[in-house]
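As structure tokens, the structure follows; a few thoughts come after it.
None of the figures in this text is laboratory data; all of them are computed from the coordinates on show. What you are looking at is a predicted structure, and each value in this text was computed from that prediction instead of being measured. Virtual Cβ from ideal backbone geometry, glycine too; neighbours counted across all protein chains shown.
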Amino acid sequence: MLKTPLAASPITAEPASGHAEGVSNDEFRAAMSRLAAGVVLVTAQEPPLDPDDPSAPAGEDVGMTATAFLSVSLDPPLVLVSLRNGSRMDDLLDEQPLWAVSVLSESQRHIAGRFAMKGRISDRLLFDDIPYIRGKATNAPLVGGALATLECRTEQRVIAGDHTLVIGRVLTADVPSATGGPLAYFRGRYRQLG
């Protein structure tokens, strides 16, 4: 029996933008918007401006809404969050390895929206009327009423296109007595399940 050689698969040229030919930003966004994602608030505390001077101003709390957050490994417990390159949180976690995550409930849509705003006011003011406690391992804010909270230490940073994938070892994990369902993000909007 004669075998015919398999046809070589066509190679798609990639333009300078990094997109495969025929895939625009809008098409990619539209396709990915069909993937439902959970919503979390990533928080960290900036180090003091001068750690050796007790009278120097303390660092601010910093927070950002994220929908690209997932579990990576059970042993050891690892999670991953994707941060836009050059964002305040990306810059902070490049210097400061300790951070936290609050898994937001469906009643915390206002928190997600507040920390996702472009051109927003200072983070200090964003935390003003949000109930939170300080994490024991990170000193980062953990949002009251969250479905779950995790404190993490960065294990690895991977540059991936215009984002940095931050892989963190989970130092603490807590499931408070919060009720209600998760806050989800689907087709460009915050939504509730059901």
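In Å, what Kirkwood hydrodynamic radius results for segment 67-194 from the alpha-carbon pair distances?
By the Kirkwood definition, the hydrodynamic radius is 15.5 Å.
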Item to check | Cβ-based net charge around ALA140, under 9 Å, with every Lys or Arg adding one and every Asp or Glu removing one | outcome: -1
Checklist entry - Tell me, how many Å apart are the Cα centres for segment 142-165 and for segment 71-86? => result 6
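Could you rank the peptides 78-88, 139-149 by their average count of other C-beta atoms within 10 Å per residue, with the highest value first? All intermediate terms of the calculation are to be shown ahead of the outcome.
Working: 78-88: 16.6, 139-149: 21.3.
Answer by packing, highest mean first, reads 139-149, 78-88.
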Next on the checklist: Can you give me the distance in nm between label points at ALA68 and ASN85, each placed 7 Å from the Cα along the Cα-to-Cβ direction?
Outcome noted: 1.2
Item to check | Point-charge dipole on Cβ atoms (K/R +1, D/E -1) for segment 63-194, about Cα centre, debye to 20 | outcome: 400
Checklist entry - Between the DSSP loop rule and a limit of at most 15 other Cβ atoms within 10 Å, which chymotrypsin sites (Phe, Trp or Tyr not before Pro) in segment 104-183 are left? => result none
